[in-house]
Structures are given as structure tokens and as C-alpha cells.
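Please treat every number below as a calculation from the coordinates, not as lab data. Source: prediction; values computed, not measured. Quick reminder, even Gly has a Cβ in these numbers, built from the backbone with ideal geometry, and neighbours come from all protein chains shown.
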Amino acid sequence: MPDTVTVVVNGELVTMPVGSMVAAAVLKAGVSAFRKSVSGQPRGPLCGMGICFECRVTIDFEPHCKSCQTICQNGMDIRTDE
Amino acid sequence: MSRRQLICDVLVIGAGPAGLAAAYRVAENGRSVVVADDNPDAGGQIWRGEARNTKSNEAAAWFEKIRNSEIEFAYGIRIFQQLSPGKLLGETDNDVCEFSYQKLVIATGARERFLPFPGWTLPNVMGAGGLQALVKGGLPIAGKRVVIAGSGPLLLAVADYLKRHGADVSLIAEQTSRPKLARFSFSLLGQTQKVSQALRLRSQLSGIGYLTGCWPVAANGFDKLHSVTLRRGSRTWEVECDYLACGFHLVPNLELPQLLGCRLDKDAVAVDDFQETSVADVYCCGETTGIGGLELSLVEGEIAGLAASDKKELARSLFSVRNKQQKFATALNSAFELRSELKSLVAPDTIVCRCEDVQFSQLQSSDSWRAAKLHTRCGMGPCQGRICGAAVEFLFGWQAESVRPPVLAARVGSIREG
């Protein structure tokens, strides 16, 4: 079994160790702003443990997924700022 | 939407050390036990990622015991509602799950306390445990410049972890004073294990400045963090960094016990000697009963598990271990008490509630959190006050008056199942 998975962050391929969280893949892709706040400010992960909801992204067209609690799967399509 | 049924003698909520210890003791006594957690794997925060790749001997020993026990795990489940005593409802990404049980052990752990200061909402400003969790989750940190700030022993553990993974940790800013910390160290004498842990950390962290009486006054940057401004005494200076890892000690996760009606005592769940809460057959252990660290969580978990299995005499034999750890917890929490100067970090336009972007100045005319909620929606976004709640308590003395279902944002379809 390969020990890495490849996901797509805003159209760019990112390879991560198996078991990695989506939030880590987004940051590795060089993206810090995961979403826009209600007043339009850029935001990224804060708590890292599923409590703050700041790291929400769109995964495979499903909006508002908590990227810090979602494990990367091969071919996952991840979009920020939506 | 499909609905799963899970039926057991004892349901444990939380797969961190306290929950695992409780479940182990329940299974050992022949009762059926299910452990539910919202994370994809066991370990909680302190043992995050160690179920598969264990680094600590203590964690390894516990995971070995767990693997050899009859325990059913239900991961990725967010409990959001009580249907009736003995029945809880949770949801996963795919379905709804109804738990039926005779006894409940709550081990929901703690979260970091965040205090608002100018720039704290910038991307790459994270919790100390938050950044560590992301690195454990695969974030490459080697060569990144990190400033660690806030309060509590977690800062040291995070510094050690990040340094071992190649981060360039510039410094640790601890808000508490040196004399307070010295008294705390003195109180550890006689606890050989804690002293050796502290000494080991100290030698591993040599080369990283540990500044007491020091805290961040601003995080600077336009669309992401560029630098942090620190203050110590009358000196203020700026440090460039890629990440600011900042948390002000910990606060218990109380939403579930509050939903069930468990009485609180000083911001933690009140329990009797057997870890039973004010609600019959509902036990609570670990950080949820007050911040006290790993060893206290484990022994509380064991006591709760034994008591929930009607093994009160065995539970009683662990009281002395717990009482010793509780003394440590008391000393710990007084050492890292927040200084009042931190209340003035916030500026009028600093955002306090990050979900609804409510600024400090909008809250000043309110006299309670309820009034603030009604006027500004503070604490009413997706996190339901989990982040700003501890901040407004520190800044204004406001406390959450009630917790209502769903305790977590849940799908309408799942709520209809109730």
C-alpha cells in the first residue's frame, strides 16, 4: 500500500502522508486563507480540533467541511474561499 | 437518512486518556462498552496520532491494553442531542446514530482558551495545541519560524514537539510571572515523575528563550501573519514569524454535561468521590472536571469506569492516587492564572466573536452575554460560543446561562430524526 495520498487544493496537486488532515494539505499548498468571514476577512485554522469552525472548506463540492477533522483521500477536490 | 442503533451497558463520550481508561475498566469488568468520539481516531488531544504511531511509553501501554479489551469504538460522531435519559443522538458525515445505555461516562476533555488581541484573527495565528494538532495531521513545519505565546505547560510541550520536527521556534512568551512559576516548581518537589518530565523538557528546549511575564499585544500582517509584537515590562518589540501558536491555558468542554443538566462548580463539572455527577448514572472524568493533566485524567477515568461497573471498592483503592494528582492540579491552575493586564489587550475594533465578526466596542454596552447575543449575535455562529465564551467570561465576567440542543451545528435531517 502506498504511504502517501494526493489531493487537489484549488486545482493544484498536493501529496501528503496517509492519514493527514485536509487542513494540513491546504497549508502545505501555500494557502493560508481557508474562508472569508461574514465581514469578508480572510481566516484560517485556529483550534485544530474541530471546535472553532474557522477551517471550513469545500470538499468534493460539499461546502462547510471542517478541514481539521477530515482525513485526506486520494483525488479529493478541496476548495478554499467559497 | 439511515439511523444506526448502538446499545451498550456503558457509553463513554471521548476517546482521550480519561475516556480510554474508563472504557478499559468497564470492559475488564465484563460490561459492554462503546466509546464515541468526534475525531477520526482515538487519543484525544494529548495522544493525538499515537494510536497508530506511539511515541510515549505510557500511551503505548494504554493502547496495548485497549487493543486487548472488548471495546467498541464509534469515531467521527458528533453528539448533539439527548432524546431521553439513557438515549443520545449523534450524527456522522453519512448517518445518524442513536445510543442507548444504562450509564454514561463523559470525558469530553478541554480546549484552549483564546484571548482577543489586535490581529488574532489573521490566518496563521493559531492555538498552541492547534498548531501541534495540524503538524500531527501532516503539516510540514521544518524551517518555519514559530513564536509560541500564552500560558500553561502546554506551551512547553508544543515547543518541544515543534522543535523536534524541525521548526525554528524563536521564543516562548509565558504571561505568568517568574515568582508564581517558581512557587509552582517548588510544589512539584516530591513528585518525581513530574520533576523528571520538567527537567527533560528543559534540556530539550535549551536554546529557546522562555520569557515569563511576556505576552503578545498584536499580530501583524495584511492577509496573513507577518510578525508578532510582544511586551515584557516596559519593553515592546516585534518578531517576524510564519506562525504564532497562542493559547492561554485550557478550559473544559462543558456543552454536553450542561445539556444533560450536570451541576457545575467553578467552571468545571461537579462530581462526587466516585466521579458521579449531580445526574444519576452520569459520570464525568478528565479535564471536563477541571484542568489537571494526563495523570489525573487517567486515574479519574479508571475510577469512573470502575464505579460505572459497580466496583466501588476497587474504585476507592484509587482515591489516594487521584488526591495526590489533584494537589498538583490546584498548584498548576493557580500558577497559570491569567493576569488582569491581559484584559486590556483588546482594542475597540478587535473582533471578539470570530463567527459573527462582533467587535469589542459593540459588546461594551451589554450587561450580560444574553443581552450581547440579542444585540450583536455574539456567540451565536457555528461554534456556538465555544471560542468567544471563555474570552467574554475573562473580559466581562459573563457566563453561558443555558445550553440548548443541538449542542453542535447539525444537519436538519439529523435533527428531524430526534
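Per-residue Cβ counts within 10 Å, from other chains only, averaged over A:11-21: what number is that?
3
From zero outward in steps of 10 Å, how is the percent of C-alpha pairs of chain A spread across the bins?
Spelled out bin by bin, chain A gives 21, 56, 20, 2, 0 percent.
Answer rounded, prolate or oblate for segment B:15-102, using the Cα gyration tensor with square roots of eigenvalues a ≥ b ≥ c: rounded when a/c is under 1.5, else prolate when a/b is larger than b/c, else oblate.
oblate
So how tilted is helix B:178-188 from the main axis of chain B? Cα-based, degrees 0 to 90, rounded to 10.
30 degrees
Enter the angle in degrees (range 0 to 90, nearest 10) between the Cα long axis of helix B:154-164 and the first principal axis of the Cα atoms of chain B, meaning the one along which they spread out most.
For helix B:154-164, the angle is close to 80 degrees.
Normalising by the residue count of chain A, find the relative contact order in percent from Cα pairs under 8 Å and 6+ residues apart.
On the way: 170 pairs, mean separation 29.3, N = 82.
Taking the mean separation of contacting Cα pairs over the length of chain A, I get 36 percent.
Residues with beta-carbon under 12 Å from that of B:Glu28, excluding B:Glu28: net charge, scoring Lys, Arg +1 and Asp, Glu -1? Provide the component values of the computation, followed by the final result.
Working: positive: B:Arg25, B:Arg31, B:Lys65, B:Lys311; negative: B:Glu70, B:Glu302.
It works out to a net charge of +2.
Of the DSSP beta bridges with both residues in chain B, give the percent that are antiparallel, rounding to the nearest 5.
In chain B, approximately 45 percent of DSSP beta bridges are antiparallel ones.
Using only atoms on other chains, find how many Cβ atoms lie within 10 Å of each Cβ of peptide B:36-45 and report the average.
That average works out to 2.
Would you mind giving the mean number of other chain beta-carbons within 10 Å of the Cβ of each residue in A:33-46, as a whole number?
The mean count of partner-chain Cβ atoms within 10 Å per residue comes to 6.
Order these peptides, B:384-395, B:236-247, by their mean beta-carbon neighbour count within 10 angstrom, highest first. Spell out each step's value before the answer.
Numbers: B:384-395: 22.8, B:236-247: 20.3.
Ranking the peptides B:384-395, B:236-247 by packing returns B:384-395, B:236-247.
Mind ordering B:400-413, B:217-230, B:118-131 by average Cβ neighbours within 10 Å, highest first?
B:118-131, B:217-230, B:400-413
How would you classify segment B:343-396 from its alpha-carbon gyration tensor, with a ≥ b ≥ c the square roots of the eigenvalues: rounded for a/c under 1.5, else prolate if a/b is greater than b/c, otherwise oblate?
Because its axes are fairly even, with a/c under 1.5, segment B:343-396 counts as rounded.
List, largest first, the extents of the alpha carbons of segment B:68-174 along their principal axes, each in whole Å.
51, 38, 27 Å, listed from the longest principal axis down.
Roughly what percent of Cα-Cα pairs across chain B reach past 39 Å?
Above the 39 Å cut-off, chain B has 18 percent of its Cα pairs.
Binning at 5 angstrom from zero up to the longest distance, how are the C-alpha pair distances of segment B:114-248 distributed in percent?
The calculated distribution, bin by bin, is 2, 10, 21, 23, 20, 13, 7, 3, 1, 0.
Under the Kirkwood approximation for Rh and a Cα-based Rg, what ratio Rg/Rh is obtained for segment B:274-418?
The Rg/Rh ratio comes out at 1.08.
Would you kindly give the portion of the calculated P(r) for the protein assembly as shown that falls above 45 Å, as a percent of all Cα pairs?
Above the 45 Å cut-off, the protein assembly as shown has 7 percent of its Cα pairs.
Which entries in B:Lys163/B:Lys327; A:Lys36/B:Lys224; B:Lys55/B:Lys194; B:Lys194/B:Lys324 show an alpha-carbon gap greater than 21 Å?
B:Lys163/B:Lys327
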